[in-house]
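For reference, the structure is listed below as structure tokens.
The values are calculated or read from the model by the stated rules, or taken from the named source; none is laboratory data. As the structure is a prediction and not an experimental result, all values here were calculated from the model. Counting neighbours? That spans all protein chains shown, and the Cβs are built from the backbone with ideal geometry, glycine included.
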């Protein structure tokens, strides 16, 4: 079996449509960025007019993310020798493969329960791309800490959405998967520290890569402590997963900066639209 499998050759059938992250996030059905002119909270709650579409889109995003997490953890089991990745680390990645396979099955059934189907929304492959590094420590930082950390935030938000919407199936399944995600992030946190013990430069490089991935997924203020973000920052579960208060604050700051940038862009678009309307209404 080949090693270091390229993202361009992931196995997908005709139901899947792969796009860039920017294009997927710009899909108006997702509701992830919300209406740019909306002044009120953008948090995913049942009272939002587009709550159903936003929840379905987020569920589809979870589904394709679980596929890529399964593929990434499996590659880490196979790509590296025992000199690069200790056997116990590989066992943890194998355990994660089992968890992710179960999450894929749950996500398919939840999508059907929520009234959507595979391929209704597009897929981006950023998660697997973060699992393509030739350094297993960078994979732990990019996937287990950054992207699985985002999964903690997403599952917490979806669980709360299910509770508020009176959907016990959604709430239960999200809570079940959330417990696994906390474990996956904790494995990444623990192994990153163990493998880089005595090698501060390698640890710093891994944390820098994690910060890059975190910033990428802060796109448009997707998740933050602010109610204007669709997804909230699950601080308590991140603490249980091995994040320090400083690390969580850094993620919150990056996400808030992205949110404020989106708000500025929305304001500029509104002002430009008003100026255009005035110009049309006032002939020379």
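The residues listed here are 66, 123, 71; of these, the one that is touching a strand residue (DSSP E or B) at 6+ places or on another chain (Cβ under 6 Å) and either modelled with pLDDT of 95 or more or buried (at least 21 other Cβ atoms within 10 Å of the Cβ) (or both) is 123.
Listed here are the residues, each with its yes/no results for (1) surrounded by fewer than 18 Cβ atoms within 10 Å (Cβ to Cβ); (2) under 22 Å from residue 71 (Cβ atoms); (3) in contact with a strand residue (DSSP E or B) (Cβ under 7 Å, 6 or more places away or on another chain).
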| site | (1), (2), (3) |
| --- | --- |
| 135 | yes, yes, no |
| 161 | no, no, no |
| 171 | no, no, no |
| 187 | no, yes, no |
| 196 | no, no, no |
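Answer yes if at least one residue in the range 248-268 is closer than 30 Å to residue 86 by Cβ and without any contact (Cβ under 8 Å) to a residue 24 or more places away in the chain, and no otherwise. Within the range 248-268 (the criterion being closer than 30 Å to residue 86 by Cβ and without any contact (Cβ under 8 Å) to a residue 24 or more places away in the chain), the answer is yes, since at least one residue qualifies.
The number of residues in the range 230-284 that are at pLDDT 90 or above, more than 17 Å from the chain's Cα centre (by Cα) and over 18 Å from residue 213 (Cα atoms) comes to 4. Among the residues making up the range 212-227, those that are modelled with pLDDT of 85 or more and either surrounded by fewer than 21 Cβ atoms within 10 Å (Cβ to Cβ) or assigned to a loop (DSSP other than H, G, I, E, B) (or both) are 212, 215, 225, 226, 227. From 140, 91, 170, which residue is under 24 Å from residue 252 (Cβ atoms) and assigned to a helix (DSSP H, G or I)? After applying the criteria, what remains is 140. For the criterion of being more than 17 Å from the chain's Cα centre (by Cα), in contact (Cβ under 8 Å) with a residue 12 or more places away in the chain, under 20 Å from residue 141 (Cα atoms) and in a helix (DSSP H, G or I), residue 205 passes. Reported count of residues in the range 231-247, each being assigned to a helix (DSSP H, G or I) and farther than 25 Å from residue 54 by Cβ, is 5. Is it the case that some residue within the range 160-176 is within 30 Å of residue 227 (Cβ to Cβ), modelled with pLDDT of 95 or more and under 14 Å from the mean Cα position of the chain (by Cα)? Within the range 160-176, not a single residue is within 30 Å of residue 227 (Cβ to Cβ), modelled with pLDDT of 95 or more and under 14 Å from the mean Cα position of the chain (by Cα). On the basis of being outside any helix (DSSP H, G or I) and under 22 Å from residue 158 (Cβ atoms), does residue 255 make the cut? No; evaluated as a whole, the condition is false for this residue.
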